[in-house]
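All of the numbers you see were taken from the coordinates with simple rules; none came from a lab. No experiment lies behind these values; they were computed from the predicted model shown. Cβ sites come from the backbone with ideal geometry, for glycine too, and all protein chains shown count toward neighbours.
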Amino acid sequence: MQILFWPIHGGYTDAFVRGGHDYLLPVRSVRPGEDDGVGGWGWERARPVALDDLRGEDIDIVVLQRPEEIDLVESLTGRAPGRDLPAVYLEHNTPGPAAFTTRHPLADRRDIPIVHVTHFNRLFWDNGVAPTTVVEHGVPDPGPLYSGELARIGVVVNEPVRRWRAVGTDLLPAFTREAPLDVFGIDAGLLREAFDDPAISGIESLAPRRLHAELARRRVYLHPFRWTSLGLSLIEAMHLGMPVVALATTEAVRAVAAGTGVVSTDIDDLRRAARAFLEEPEWAAEVGARAREHALTHYGLPAFLERWDEVLLEAIASLPGPGVVYANANSGGNATTTIAAHAR
């Protein structure tokens, strides 16, 4: 099938477009010499499509990620999502400040299912009458790169100064009592002025492969996020084989299983855990190995893509029309699934 998907979240898009379909990524321009924002990733089955060219594309389904995309897709394709173009709405975020009373923008619609990335988000959003499901995160396996050779704490967070308390930036100085912190991510360099503390280093502009290699050299991974969806960086750190310490908030209590790290709302608990990992490298490696095994089982790419296939096929089948046969994306073309095609 051909899937329309705005590439607004690089890490998530990187996992999503590795399935067995064709992915149309809307961009402003595809003229030679202009940066379309997606060409550098090397995605084999995803291609950029200029906004003005979308009307000529044979789109099977759109995965919406922002409320404004509903009207935008109709204006660009001539087809209304949920009515004559199958659609699902992928919600990346936790609800707003009024956590469990925040009503979702699609809460009054029955025609566009909401796909949450965590069970916590599904629980806390007021989804109204909208059908909901959960597709838990999956990431490409970076490999068991962990060495823990540096007795330092690794953190990954984008825009740590702007997002401050939401991502736990204010908590970082407490951990410098145990070891220096290396914070990787967009605008991490601004931490130098925010703290004026040589024990907190901001490192930005690393390509994913380089980031994984550098992060894996740190002895322990710290996940200080208070109020965001489960960060892909936590899952990636576990894939690397790193022991993790994390705030027991949002989905982290589900993601970090017993024996794969330490989760707590007590900062002193997390400091003690970080210290123990720093002082006992063999134990850190043992816990990290279990973290990797857990991540591969529960947040591996194959299960993620298979679950997405189920959601997409169900959404397409919900619009009546003539039957059409699609090859199962994860079956190597040996199996087929008949569904009801949407009206074109």
³J(HN,Hα) computed for each position of segment 103-117 - Karplus, 6.51 cos²θ - 1.76 cosθ + 1.60, integer Hz, glycine/proline x: 8, 6, x, 9, 5, 9, 10, 9, 8, 10, x, 9, 9, 8, 8
Charge dipole (debye, nearest 20) of segment 83-240; +1 at Cβ of Lys and Arg, -1 at Cβ of Asp and Glu: 160 debye
Global geometry of segment 11-168, whether rounded, prolate or oblate, following the gyration tensor of its Cα atoms and the 1.5 cut on a/c: oblate
Dipole magnitude of segment 131-203, debye to nearest 20 (Cβ charges: Lys/Arg +1, Asp/Glu -1, about Cα centre): 140 debye
Top positive-direction residue, dipole computed over segment 37-176 with Cβ charges, set 64, 93, 167: 167
Relative contact order %, segment 60-105, counting alpha carbon pairs below 8 Å whose residues are six or more apart: 40 percent
Top of 301, 90, 76 by mean-square fluctuation, Gaussian network on the chain, Cα under 10 Å: 76
Relative contact order %, the chain, counting alpha carbon pairs below 8 Å whose residues are six or more apart: 14 percent
FRET efficiency, residue 100 to residue 165 (Cβ-Cβ, R0 25 Å, nearest 0.05): 0.85
Among 146-154, 112-120, the order from most to least packed when residues are scored by Cβ within 10 Å on average: 112-120, 146-154
Inter-label distance, nm, simple model (7 Å from Cα along the C-beta direction), residue 133/residue 213: 3.9 nm
Using alpha-carbon coordinates, inclination of helix 281-298 to the longest axis of the chain, degrees: 10 degrees
Centre separation in Å (Cα based) which lies between segment 61-95 and segment 106-180: 23 Å
Chain lengthening between residue 268 and residue 119 when straightened (0.36 nm per residue, less Cα-Cα): 50.9 nm
Lys, Arg +1 and Asp, Glu -1 on Cβ, resulting dipole of the chain about Cα centre, debye, nearest 20: 300 debye
Pairwise label distance in nanometres, residue 75 with residue 186, each label 7 Å out on the Cα-Cβ vector: 2.4 nm
Amide hydrogen neighbours beyond the local backbone of residue 82, cut-off 5 Å, H modeled: 87
